[in-house]
Amino acid sequence: MKSLIVENLHVSVDDKEILRGVNLEIKENEVVALLGPNGHGKSTLLAAIMGNPRYRVTEGKILLNDEDVLKMSVDERAKHGLFLGMQYPSEVPGVVNADFLKSAINSRREKPIGIYEFYRQLEAASKKMNISMSMASRFLNEGFSGGEKKRNEILQMLLLKPDFAMLDEIDSGLDVDALNCVSDAINDLKKESVISFLVVSHYARLYQLIKPTRVAIMVNGKIALEGGPEIISRIDKDGYEWLKYEKGIEIQKEDQVAMRSTSIGSCAVKEAIKK
Ligand SMILES: Nc1ncnc2c1ncn2[C@@H]1O[C@H](COP(=O)(O)OP(=O)(O)OP(=O)(O)O)[C@@H](O)[C@H]1O
Ligand SMILES: [Mg+2]
């Protein structure tokens, strides 16, 4: 059985520790919803699993079907079936969308895909995502609207057919029709193949459409709570404060510390101006 296991993962960015011992296991055919307050490390976890070099793993393990992911390059991770649909897809001028998609597909195949077969698959996926075929000949994400970028991420997922798909706020910026397209694409992949998802979203609407099997809450760089889909309705209704009163989970607000020193600083400046 396929599995993705994250064990005691510590990750730093620019020497600041963001993840402080994440434990999470995702099994075959599971859809795990990852929620948590802003800035608590959700995107950092996904970026670290995918191998973004800015995110330095200082301790812990990531295992994909018992293989050590931390020893793999980003390409190898993709080859092994990991996929990340990004919160902020980058614009890559000079790289044609269709060429990018074709090389991504080929990186997972022994023999390169034939041109006719590629266009057949591209046309089917574009139709499903309601994306015009003309976007395939544009530079990757360049000038794409927010919603087009997100739909293009899902188009990549449809073509790559990953084993483990991580989707980071794939619903933000989508209109209602596009949200339905995205959730239909996720649900169809679930039906057609053996695939697991780790899905980050702040909104119950996407989760109502894709029906997660499990929910994990990230607070202060750790998975603070795991449970069933009922946690999503609670967060949707009450936010995160109840975690403190009912579960004893304190939500650190590091930016408040920063803001306090700023305001002391600005008071001092005001005093100096008065003098
Ligand atoms: N490349 C980076 N450089 C500096 N700080 C970073 C970087 N990436 C993440 N951080 C910091 O790490 C913390 C966690 O960020 P992350 O993006 O993982 O949060 P998140 O849980 O995904 O939040 P959101 O819900 O707002 O997307 C934040 O304080 C963020 O500013
Ligand atoms: Mg994020």
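The values are calculated or read from the model by the stated rules, or taken from the named source; none is laboratory data. Predicted model only: the values in this text are computed from it and were never measured. Ideal geometry is used to build each Cβ from the backbone, glycine not excepted, and the neighbour counts take in all protein chains shown.
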Practice problem: Taking the options 85, 36, name whichever one is at positive phi and either among the small types (Gly, Ala, Ser) or without any contact (Cβ under 8 Å) to a residue 40 or more places away in the chain (or both). | Solution: 36
Exercise. Quick one: count up the residues across the range 83-114 that are in a loop (DSSP other than H, G, I, E, B) and within 22 Å of the chain's Cα centre (by Cα).
Key: 7
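Can we say residue 136 is hydrophobic (A, V, I, L, M, F, W, C) and within 25 Å of residue 175 (Cα to Cα)? Talk me through it step by step, then tell me what you get.
Working: hydrophobic (A, V, I, L, M, F, W, C): yes; within 25 Å of residue 175 (Cα to Cα): yes.
Taking the combined requirement at face value, the residue satisfies it.
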Self-check item: First in the range 134-156 and free of Cβ contacts under 8 Å to residues at least 60 places away in the same chain, second anywhere and among the aromatic types (Phe, Trp, Tyr) and in a loop (DSSP other than H, G, I, E, B), Cβ under 9 Å, 6 or more apart
Solution: 135/144; 138/144; 151/144
Quiz item: Hey, does the range 29-44 have a residue that's modelled with pLDDT of 95 or more, β-branched (Val, Ile, Thr) and in contact with a Lys or Arg (Cβ under 9 Å, 6 or more places away or on another chain)?
Solution: yes
Quiz item: Which pairs have Cβ atoms under 6 Å, sit 6 or more apart or on different chains, and link a residue in the range 218-241 that is in contact (Cβ under 8 Å) with a residue 12 or more places away in the chain to one that is part of a helix (DSSP H, G or I) and of a type outside the set (Asp, Glu)?
Solution: 218/42; 232/204; 232/207; 236/204
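Out of the range 4-23, which residues are surrounded by fewer than 21 Cβ atoms within 10 Å (Cβ to Cβ) and aliphatic (A, V, I, L, M)? It would help to see each step written out before you state the result.
To start, the set of residues in the range 4-23 that are surrounded by fewer than 21 Cβ atoms within 10 Å (Cβ to Cβ) comprises 5, 7-8, 10, 12-17, 20-21, 23.
If the condition is that a residue be surrounded by fewer than 21 Cβ atoms within 10 Å (Cβ to Cβ) and aliphatic (A, V, I, L, M), then 5, 13 are the ones that fit.
So which of 15, 75, 68, 99 ends up being without any contact (Cβ under 8 Å) to a residue 12 or more places away in the chain, more than 9 Å from ligand 1 (Cβ to nearest atom), under 30 Å from residue 142 (Cβ atoms) and out of contact with any Pro (no Cβ under 7 Å at 6 or more places or on another chain)? Can you show your working first?
Working: 15 fails: under 30 Å from residue 142 (Cβ atoms); 75 fails: without any contact (Cβ under 8 Å) to a residue 12 or more places away in the chain; 68 fails: under 30 Å from residue 142 (Cβ atoms).
Exactly one residue qualifies, and that residue is 99.
Within the range 25-36, track down each residue that is within 16 Å of ligand 2 (Cβ to nearest atom) and among the aliphatic types (A, V, I, L, M). Outline the logic, then answer.
Taking the range 25-36 and keeping what is within 16 Å of ligand 2 (Cβ to nearest atom), we get 32-36.
32, 33, 34, 35, listed by residue number.
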Quiz item: Restricting attention to the range 23-30, does a residue exist that is within 16 Å of ligand 1 (Cβ to nearest atom) and within 17 Å of residue 220 (Cα to Cα)?
Solution: yes
Self-check item: Only one of 201, 183 that is touching a residue at least 12 places away in the same chain (Cβ under 8 Å), crowded, with 18+ Cβ neighbours inside 10 Å, of a type in the set (S, T, N, Q) and within 16 Å of ligand 2 (Cβ to nearest atom)
Solution: 201
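Taking residue 195, is it among the β-branched types (Val, Ile, Thr), over 29 Å from residue 21 (Cα atoms) and modelled with pLDDT of 95 or more?
Values: among the β-branched types (Val, Ile, Thr): yes; over 29 Å from residue 21 (Cα atoms): no; modelled with pLDDT of 95 or more: yes.
It is false that residue 195 is among the β-branched types (Val, Ile, Thr), over 29 Å from residue 21 (Cα atoms) and modelled with pLDDT of 95 or more.
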Self-check item: Subset of the range 7-59 (residues that are of a type in the set (Gly, Ala, Ser), in contact with a helix residue (DSSP H, G or I) (Cβ under 6 Å, 6 or more places away or on another chain) and in a strand (DSSP E or B))
Solution: 33
Self-check item: Residue among 126, 107 that alone is within 20 Å of residue 166 (Cβ to Cβ), surrounded by 12 or more Cβ atoms within 10 Å (Cβ to Cβ) and more than 16 Å from ligand 1 (Cβ to nearest atom)
Solution: 107
Quiz item: If you check 34, 70, which single one turns out to be surrounded by 14 or more Cβ atoms within 10 Å (Cβ to Cβ) and more than 27 Å from residue 210 (Cα to Cα)?
Solution: 70
Quiz item: So, of the residues in the range 37-66 that are within 16 Å of ligand 2 (Cβ to nearest atom) and more than 13 Å from the chain's Cα centre (by Cα), which turns out to be surrounded by the most Cβ atoms within 10 Å (Cβ to Cβ)?
Solution: 40
Quiz item: Any residue in the range 116-137 that is more than 23 Å from residue 208 (Cα to Cα), assigned to a loop (DSSP other than H, G, I, E, B) and at pLDDT below 95?
Solution: yes
